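Worksheet: one structure, shown below.
The values are calculated or read from the model by the stated rules, or taken from the named source; none is laboratory data. In this text the structure is predicted, and so the values were computed from the model without any measurement. Here the Cβ positions follow ideal geometry from the backbone for every residue, glycine too, while neighbour counts run over all protein chains shown. Each accessible area value is taken on the protein alone, full model and side chains, heavy atoms only, with ligands, DNA and RNA left out. Shrake-Rupley method; radii C 1.70, N 1.55, O 1.52, S 1.80 Å.
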Amino acid sequence: QVQLVESGGGLVQVGGSLRLSCAASGSIFSIRAQGWYRQAPGKQRELVAHITSDGRTNYADSVKGRFTISRDNAKNTVYLQMNSLKPEDTAVYYCTAFANHYTYWGQGTQVTVSS
């Protein structure tokens, strides 16, 4: 099993930045990919960014050029650097890990962008 703990959410003004962290523990060597999803009130959960074990990344069109996903293997941590934040980025952000044909989820962290 894989356990995920997110941190770094909070309240930020439009145009500001935040960095989310996701620390993984447990069967970390089985992780093949990790990602960040988000869910805004009344909306479906959506993929924000994704990184594979060999470092390939992909992003939702809405965050390309503003968000960057990265990984520190020594710390078993995945990051989401969010710049130029907009009110529509307000959501609960969830970290995920794909391992052993199963997707694990973190508990979520709230990001609120105020205008």
Cα-based reach from Lys86 at 15 Å (exclusive), listing aspartates and glutamates while leaving out same-chain residues under 8 positions away | Asp61
Cross-link reach list, lysines versus Lys75, counting only Cα pairs under 28 Å and skipping chain neighbours closer than eight places | Lys64
Between Ile28 and Leu11, how many nm apart are label points set 7 Å from Cα along the C-beta direction?
-> 3.4 nm
Counting only protein heavy atoms, what percent of the accessible surface of segment 14-90 is carbon or sulfur at a 1.4 Å probe?
-> 47 percent
Taking only Cα atoms of the chain, radius of gyration then Dmax in Å | 13.4, 42
With R₀ set to 25 angstrom, the calculated FRET efficiency between the beta-carbons of Glu88 and Thr57, to the nearest 0.05, is 0.70
Can you give the relative contact order of segment 32-104 as a percent, counting alpha carbon pairs under 8 Å and 6+ residues apart?
-> 36 percent
